[in-house]
Amino acid sequence: MTSTVYTTIESPLGELLLVGEKSATAPGGTALCSLSMTGQRRAAVVQSDWKADPAAFADIADQLRQYFAGELKEFAVEFRTQGTEFQERIWRAIDTIPYGATTSYGRLAEQLGLPRPAVRAVGTAIGANPLLILRPCHRVIGANGSLTGYAGGLERKEYLLAREGAWPATLA
């Protein structure tokens, strides 16, 4: 039996909404399902049957604070996302982009053996990422090194890349 829990935390990017599932099988008792920002496209919205439970996210919140302080480069968080098989494939590929590095949508498609016309679909899958910051879709930029497409807004994407020392961007 699982139940949905949530909390909000303040960050340099504004308020973050963390949503998870309480489960006896998840380490720490909570698996993260969504991390979204105020004003984000397709952001999660608190539902009436969700329970506020800040304690369920204490470890995740601490890791986010460390990240924003420049003390953490890799997150150790159990998460459960629900996407199509294609989205999950793209999201796993995003997980491999190291801290401080960037790649382009085209390079990501090429890395996955996808044809050039699939680049738009790759971008759409990235745009559906439910775990902003933790699943580093902000590290995917335009082929010419420009900032493109970020559900949280380009200013926030620039902030995250600068925080990681990857902006101005140079493609790996």
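Restricting to segment 4-69, compute how many DSSP beta bridges are antiparallel as a %, nearest 5.
On the way: 15 of 17 bridges.
Around 90 percent antiparallel, to the nearest 5.
So how strong a dipole does segment 85-164 carry about its Cα centre when Lys and Arg Cβ are +1 and Asp and Glu Cβ are -1, to the nearest 20 debye?
In total the dipole reaches around 60 debye.
About its Cα centre, how strong a charge dipole does the chain have in debye, to the nearest 20, once Lys and Arg get +1 and Asp and Glu get -1 at the Cβ?
560 debye
Normalising by the residue count of the chain, find the relative contact order in percent from Cα pairs under 8 Å and 6+ residues apart.
Values: 262 pairs, mean separation 36.3, N = 172.
Dividing the mean separation by the residue count of the chain yields 21 percent.
If you rank ARG120, ARG107 by how much accessible surface each has, with a 1.4 Å probe, what is the order from largest down? Could you put the intermediate results ahead of the total?
On the way: ARG120 190, ARG107 105 Å².
Solvent-accessible surface, decreasing: ARG120, ARG107.
So how many Å³ per residue does the convex hull of the Cα atoms of segment 4-69 work out to?
Numbers: hull volume 5.4 nm³, N = 66.
Spread over its residues, the Cα hull of segment 4-69 gives 81 Å³ apiece.
Hey, what do the phi angles of segment 97-114 turn into as Karplus ³J(HN,Hα) couplings, whole Hz, using 6.51/-1.76/1.60 and θ = phi - 60°, x for Gly and Pro?
Working through the residues one at a time gives 6, x, 3, x, 10, 9, 9, 9, 4, x, 5, 5, 4, 4, 4, 8, x, 8 Hz.
Can you show me the helix-derived [θ] at 222 nm for the chain, built from DSSP H runs with n ≥ 4 at -39,500 (n - 2.57) apiece and divided by the number of residues, rounded to the nearest 500.
Result for the chain: -8000 deg cm²/dmol, rounded to the nearest 500.
For q = 0.12, 0.22, 0.23, 0.26 Å⁻¹, what log10 I(q)/I(0) does segment 85-164 give under the Debye formula with an equal point scatterer on each alpha carbon and no solvent?
Evaluating at q = 0.12, 0.22, 0.23, 0.26 Å⁻¹ gives log10 I(q)/I(0) of -0.28, -1.00, -1.10, -1.43.
PHE79's amide H: which non-local residues (gap 5+, or another chain) put their own amide H closer than 5 Å, with H modeled 1.01 Å from N in plane and none for Pro or chain starts?
Excluding prolines and chain starts, which carry no amide H, the hits are LEU32.
Read phi for every residue in segment 49-59 and hand back ³J(HN,Hα) as whole Hz from Karplus 6.51 cos²θ - 1.76 cosθ + 1.60, θ = phi - 60°, with x for Gly and Pro.
8, 7, 10, 6, 8, x, 4, 5, 10, 4, 5
Which of [x] 1.09; [y] 0.96; [z] 0.99 is the computed Rg/Rh (Cα atoms, Kirkwood Rh) for the structure on display?
[y]
Can you give me the long-range amide H partners of LEU131? Hydrogens built in the peptide plane at 1.01 Å from N, cutoff under 5 Å, separation of 5 or more residues or another chain.
LEU35
Keeping all protein chains in place and using 1.4 angstrom, which order do THR7, THR25 fall into by accessible surface area, from largest down?
Correct descending sequence by accessible area is THR25, THR7.
So what's the net charge close to ILE126: Lys and Arg +1, Asp and Glu -1, counting the other residues with Cβ under 11 Å from its Cβ?
Charge balance near ILE126 sits at +3.
Amide H neighbours of SER3 under 5 Å, counting only residues 5+ apart in sequence or on other chains, H built in-plane at 1.01 Å?
HN-HN under 5 Å from SER3: LYS22.
Mind putting a number on the dipole of segment 4-69 about its Cα centre? Charges go on the C-beta only, +1 for Lys and Arg and -1 for Asp and Glu, and I need it in Debye to the nearest 20.
Details: 5 positive and 7 negative charges, 38 e Å.
The calculated dipole for segment 4-69 is roughly 180 debye.
The values are calculated or read from the model by the stated rules, or taken from the named source; none is laboratory data. These figures come from a predicted structure and were not determined experimentally. No Cβ is skipped: glycine too gets one built from the backbone with ideal geometry, and neighbour counts run over all protein chains shown. Keep in mind that these areas ignore ligands, DNA and RNA; they rest on the heavy atoms of the full protein, side chains included. Shrake-Rupley method; radii C 1.70, N 1.55, O 1.52, S 1.80 Å.
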